[in-house]
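Structure first, then comments.
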There are 2 protein chains.
Amino acid sequence: MCELLGMSANVPTDICFSFTGLMRRGGDTGPHRDGWGIAFYEGRACRAFHDPAPSATSPIADLIHRYPIRSEVVISHIRQATHGRVSLENTHPFVRERWGRALCFAHNGKLKGARALPLGRARPLGDTDSERAFCWLLARAEERWGERAPSVPALARALEGWLRALAARGTCNVLLSDSRALYAFCTTSLWYLTRRAPFSEASLLDADLRVDFREETTPSDVVTILATRPLTEGEPWVPLAPRVVYVFERGERLRP
Amino acid sequence: MCELLGMSANVPTDICFSFTGLMRRGGDTGPHRDGWGIAFYEGRACRAFHDPAPSATSPIADLIHRYPIRSEVVISHIRQATHGRVSLENTHPFVRERWGRALCFAHNGKLKGARALPLGRARPLGDTDSERAFCWLLARAEERWGERAPSVPALARALEGWLRALAARGTCNVLLSDSRALYAFCTTSLWYLTRRAPFSEASLLDADLRVDFREETTPSDVVTILATRPLTEGEPWVPLAPRVVYVFERGERLRP
């Protein structure tokens, strides 16, 4: 199993605190030694960092954890290889341009028979079931909308059908963004937590680190974190209902 | 003007030394304060780092300069904005997937009327003439070959025609890779240097740094560096003939 981390915020926010918890699971408190990646949106583009090395000992992960890159949408993934070798090509999140926006996809789970999924223009660089599934989703989107970008609600509705079809092949916990919104879907485990005023303190479960969000935020900040498992103790994490596409925009849950 | 840096090598090689020279030109010894980016190929994928901040003071540039990421093909660019605002979307190199490979493109110069270039499936994320030109090249490639990847020589021949057409619009110094080869083309300034046994010492022009390649290499290593202007003194840099596509593979010049 892999671990997912996502963020949606109404102001550019750094994810150092949550990422510190996640990276500890990459070969330290967790078994996810087979690479990690993170994408930070800025406008329609994203800065993606990928490393096939374990996140717990990666100098690049160390940089991300110390250097506050502020973003309104973030997707991260640490990997325990179940399908496909350990390589840069197989390191999530996967990114493709569509409709003049960077689309970013990370998946946790194993999908049977993914090689049978028919492709369109987007081709996998590596050999994971996950990247193949992403390319298949892009082919479906291409068939449905061609060059015209769908609205966020239209994309969410369509994704729900397509991700349910993928879920028939196995475990399908997914984070996806088109730079406008963060879309989340799970079959087994994905949790979210929205932080807003009045802010309080939080402690990581995976590292001896405590943060007082009263010192880090302004009263109007709204920040939602998504993770495979809760990252902190003492905060009201909510499990996602399975097989439903959740949409977060500017920190707020818009769907369902 | 911007500055380009490229590398082709027959063994995974780090570019720390050359990158140190280049990043000094980003807001320190040079005027290129408007962001920088670098892509390191590993297999069919590349790790790209982009930062709209000046390279001379960027923590990410500092990481790249200290952490030896080894690769056989590297493309880097530091930017002085002449067209398009300073933003992540407008930061080279631009990357798109085609034929199951990451294609990476960096451009130095200004192209008049780039907005008139007709596009295919690939759409710009930002508003530079450079990214538009890259999308136009991808549209030409799509028309010519569809889903079937061309051979390296076929791509080089076609690129020469297309890049000459772009050069009719202005300055067109370009580095491009499809993970197999490094393609280079210039109208004004691009230089290359091939290092092979017997190796010697070199000193950067832009920083007080000297390296003895005898200590860093094995006798079979072949490494070609490309740059807008020579980065070192005392080494036999060769200017590229204008309007010709050069191809480097595994450190060796294959074309012309």
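The values are calculated or read from the model by the stated rules, or taken from the named source; none is laboratory data. For clarity, every value in this text was computed on a predicted model and none was experimentally measured. Glycine gets a Cβ as well: all are built from the backbone with ideal geometry, and neighbour counts include every protein chain shown.
So that you can scan it fast, the table gives a plain yes or no per residue for (1) over 20 Å from the mean Cα position of the chain (by Cα); (2) over 12 Å from B:Val245 (Cα atoms):
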position: B:Glu147; (1), (2): yes, yes
position: B:Ala156; (1), (2): no, no
position: B:Gly170; (1), (2): no, yes
position: B:Val174; (1), (2): no, no
position: B:Asp178; (1), (2): no, yes
position: B:Ala184; (1), (2): no, no
position: B:Thr188; (1), (2): no, yes
position: B:Trp191; (1), (2): no, yes
position: B:Pro198; (1), (2): yes, yes
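Take the residues in the stretch B:177-203 that are aliphatic (A, V, I, L, M), under 24 Å from B:Ala39 (Cβ atoms) and out of contact with any Gly (no Cβ under 9 Å at 6 or more places or on another chain); name whichever of them is surrounded by the most Cβ atoms within 10 Å (Cβ to Cβ).
Among them, the one singled out is B:Ala181.
Please verify whether the stretch B:24-36 includes one or more residues that are within 12 Å of another protein chain (Cβ to nearest Cβ) and surrounded by fewer than 24 Cβ atoms within 10 Å (Cβ to Cβ).
no
Of all the residues that make up the stretch B:60-114, how many are of a type in the set (A, V, I, L, M, F, W, C), within 22 Å of B:Ala227 (Cβ to Cβ), more than 10 Å from chain A (Cβ to nearest Cβ) and assigned to a loop (DSSP other than H, G, I, E, B)?
Residues flagged as of a type in the set (A, V, I, L, M, F, W, C), within 22 Å of B:Ala227 (Cβ to Cβ), more than 10 Å from chain A (Cβ to nearest Cβ) and assigned to a loop (DSSP other than H, G, I, E, B) within the stretch B:60-114 amount to 1.
Quick test for you: out of A:Arg148, A:Arg140, pick the one residue that is touching a residue at least 12 places away in the same chain (Cβ under 8 Å) and touching a helix residue (DSSP H, G or I) at 6+ places or on another chain (Cβ under 8 Å).
Values: A:Arg148 fails: touching a helix residue (DSSP H, G or I) at 6+ places or on another chain (Cβ under 8 Å).
Unique residue meeting the criteria: A:Arg140.
Taking the condition of being more than 18 Å from the chain's Cα centre (by Cα) and either surrounded by 21 or more Cβ atoms within 10 Å (Cβ to Cβ) or in contact (Cβ under 8 Å) with a residue 24 or more places away in the chain (or both), how many residues in the stretch A:118-135 meet it?
Kept after step one, since they are more than 18 Å from the chain's Cα centre (by Cα), are these residues of the stretch A:118-135: A:118-127.
In the following step, the residues that additionally are either surrounded by 21 or more Cβ atoms within 10 Å (Cβ to Cβ) or in contact (Cβ under 8 Å) with a residue 24 or more places away in the chain (or both) were identified as A:122, A:124-127.
Residues in the stretch A:118-135 being more than 18 Å from the chain's Cα centre (by Cα) and either surrounded by 21 or more Cβ atoms within 10 Å (Cβ to Cβ) or in contact (Cβ under 8 Å) with a residue 24 or more places away in the chain (or both): 5 in total.
Considering only residues of the stretch A:199-209 that are at pLDDT below 85 and of a type in the set (Asp, Glu), which is nearest to A:Trp237 (Cα to Cα)?
A:Asp206
Out of the residues in the stretch B:224-256 that are in a loop (DSSP other than H, G, I, E, B) and small (Gly, Ala, Ser), state the one that is nearest to B:Asp206 (Cα to Cα).
B:Gly234
From the set of residues in the stretch A:50-59 that are hydroxyl-bearing (Ser, Thr, Tyr) and in contact with a strand residue (DSSP E or B) (Cβ under 8 Å, 6 or more places away or on another chain), which is farthest from the other protein chains (Cβ to nearest Cβ)?
Once the filter is applied, the top-ranked residue is A:Ser55.
Can you find a residue that is part of a strand (DSSP E or B), over 19 Å from B:Thr171 (Cα atoms), under 15 Å from the mean Cα position of the chain (by Cα) and not aliphatic (A, V, I, L, M) anywhere in the stretch B:16-25?
Checked the stretch B:16-25: no residue is part of a strand (DSSP E or B), over 19 Å from B:Thr171 (Cα atoms), under 15 Å from the mean Cα position of the chain (by Cα) and not aliphatic (A, V, I, L, M).
Scanning the stretch A:226-256 for residues that are surrounded by fewer than 18 Cβ atoms within 10 Å (Cβ to Cβ) and small (Gly, Ala, Ser), which turns out nearest to the chain's Cα centre (by Cα)?
Among residues in the stretch A:226-256 that are surrounded by fewer than 18 Cβ atoms within 10 Å (Cβ to Cβ) and small (Gly, Ala, Ser), the one nearest to the chain's Cα centre (by Cα) is A:Ala241.
Answer with yes or no whether B:Ala149 is among the aliphatic types (A, V, I, L, M), out of contact with any Pro (no Cβ under 6 Å at 6 or more places or on another chain) and away from chain A (no Cβ under 13 Å).
When the stated conditions are applied, B:Ala149 does not pass them.
Does B:Glu42 count as among the acidic types (Asp, Glu) and within 23 Å of B:Ala227 (Cα to Cα)?
yes
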